[in-house]
Amino acid sequence: MKKYQYALQEPNFRIGNIDIQNVSRPKNYKHTFRNGRGKHGFIYTVRGQMRDIFQSSETNELYVNAGELIFIPKNTVYTGIYLEEDTEIKIVQFDLING
C-alpha cells in the first residue's frame, strides 16, 4: 500500500475583518455586486438553491444547491438569485492581510 506524507506549512498571509452572516430570502430575491464583492467569501447553501451569474469577459452561471459550498473572491462582479422560497445561506467573509 502506498503511503502519503503530509507537511503543514506556515501561511504567508493572514485573514482579518471576519464576519459571519446567516441569510434567508424569498424566491426570486436578487442581490447584485455591481462594483464587486467587498470581501472574499465562502457561501454555504443550507436550504434551497441559488443561481449566481458572474460578469466577466463572458457571462457564466453557477447553480448552488443545498449542502454545497462556494468561494467567491473579493471584487467579483455578480448577481445572486434565490431560486426557492426561504432559501437559506451562511456566509463567512474576510479580508486578506499581509499577503
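The values are calculated or read from the model by the stated rules, or taken from the named source; none is laboratory data. Since the model is a prediction, treat every value here as computed from it, not as a measurement. Heads up, the Cβs are rebuilt from the backbone with ideal geometry, glycines too, and the neighbour counts pull from every protein chain shown. The accessibility values were calculated without ligands, DNA or RNA, using every heavy atom of the protein model including side chains. Shrake-Rupley method; radii C 1.70, N 1.55, O 1.52, S 1.80 Å.
For segment 22-42, enumerate the residues that are of a type outside the set (Lys, Arg) and over 15 Å from Asp95 (Cα atoms).
Across segment 22-42, the qualifying residues are Asn22, Val23, Ser24, Pro26, Asn28, Tyr29, His31, Thr32, Phe33, Asn35.
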Next on the checklist: Against the conditions (1) over 19 Å from Asp95 (Cα atoms); (2) in contact with a strand residue (DSSP E or B) (Cβ under 7 Å, 6 or more places away or on another chain), where does Tyr78 fall short? Just the number, please.
Outcome noted: (1)
Item to check | strands (runs of 3 or more DSSP E) (entirely within the chain) containing at least 3 residues that are at pLDDT 95 or above, under 13 Å from the mean Cα position of the chain (by Cα) and surrounded by 14 or more Cβ atoms within 10 Å (Cβ to Cβ) | outcome: 40-47, 87-97
Checklist entry - Is segment 56-68 home to any residue that is touching a residue at least 40 places away in the same chain (Cβ under 8 Å), out of contact with any His (no Cβ under 9 Å at 6 or more places or on another chain) and not hydroxyl-bearing (Ser, Thr, Tyr)? => result no
Checklist outcome for this item: Checked pairs for segment 77-89, first of a type in the set (Asp, Glu), second open to solvent by less than 20 Å² (accessible area, probe 1.4 Å), C-beta under 8 Å and 6 or more apart or across chains, list as Glu84/Gly48; Glu85/Gly48; Asp86/Gly48; Glu88/Thr45; Glu88/Gly48
